[in-house]
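What follows is calculated from the coordinates using simple rules that are stated; it is not laboratory data. Since the model is a prediction, treat every value here as computed from it, not as a measurement. Cβ coordinates were reconstructed from backbone atoms using ideal geometry, including for glycine residues, and neighbour counts include every protein chain displayed.
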């Protein structure tokens with residue numbers, strides 16, 4: 001099975017007076033335009049796309065560009081990943097190769113896209129980070145930005161005991177080994193999407209937020225022992241020291257370096 005890193009790619013790109021002949025991608029391509037104008041044509045329509053537009057190119061969809069100058073943030077996601085998420089969300093194995101609308105402008109979709117891009121471009125993410133936001137993004141555009149007649153999102157619930165079992169599994173996990181949503185979902189017998197939904201319903205935060213808080217709390221205990229921050233980050237399960245500092249400040253309101261002086 002491919003890792004998230006193998007299934008998702010990104011680029012912050014700028015074009016000036018460029019023409020691109022008809023071509024297609026094998027992945028889903030999502031591009032948020034933040035400057036200029038993209039004169040774009042797909043198999044059905046022609047568009048003049050400007051600031052704040054989220055452009056979607058579905059797999060194998062022929063498209064071209066004519067004399068355009070524009071800057072955009074792009075995320076490309078493998079068909080297999082989106083197919084898996086769609087099947088998971090709808091609980092229908094026949095749902096695949098969804099055709100999303102080519103143009104998305106609503107604020108929530110753009111915000112969710114930006115969360116994904118910021119995570120992967122800063123390289124301060126783990127698999128749960130990116131899986132969580134991609135699932136939320138795909139859920140939203142499945143509901144509001146496809147003309148396909150697909151089954152509705154499945155409404156699957158679970159008990160607080162199931163979520164408590166998930167928490168026990170997280171608590172017992174080796175801090176320096178990256179846990180995934182799949183690991184947790186498999187342990188408690190629900191899908192990754194419904195794990196996120198039910199975890200937040202019962203606990204008030206997502207599984208990823210719970211894990212981050214546990215890591216921050218562990219790092220706080222280690223910092224009090226005057227352990228170097230680089231060692232603290234490793235022992236707490238963070239990808240690097242700078243990311244640990246960022247997450248620490250998010251939850252405590254101050255940086256780790258100030259801890260012993262408070």
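A few comments on the model shown:
- Relative to the dominant Cα principal axis of the chain, helix 192-203 is inclined by about 50°.
- Principal axes of region 210-261: Cα extent on each, largest first, Å: 26, 21, 17
- Length added when fully stretched, residue 250-residue 66, from 0.36 nm per residue minus Cα-Cα: 61.8 nm
- Ordered by the number of other Cβ atoms lying within 10 Å of each residue's own Cβ, fewest first, 132, 239, 19 fall into the sequence 19, 239, 132.
- Label-point gap, in nm, between residue 20 and residue 5 - each point 7 angstrom along Cα→Cβ: 2.6 nm
- Fewest-first sequence of 76, 244 by Cβ atoms within 10 Å of each Cβ: 76, 244
- Rounded to the nearest 0.05, the FRET efficiency derived from the C-beta distance between residue 218 and residue 148 at R0 = 35 Å is 0.20.
- Sorting 14, 149, 200 by the number of Cβ atoms found within 10 Å of their own Cβ, with the fewest placed first, yields 149, 14, 200.
- The slack in the chain from residue 182 to residue 226, taken as 0.36 nm per residue of separation less the alpha-carbon distance, amounts to 12.3 nm.
- Share of pairwise Cα separations in the chain, more than 35 Å, in percent: 25 percent
- Centre separation in Å (Cα based) which lies between region 231-253 and region 134-174: 27 Å
- Principal-axis tilt of helix 107-122 within the chain, Cα atoms, nearest 10 degrees: 60 degrees
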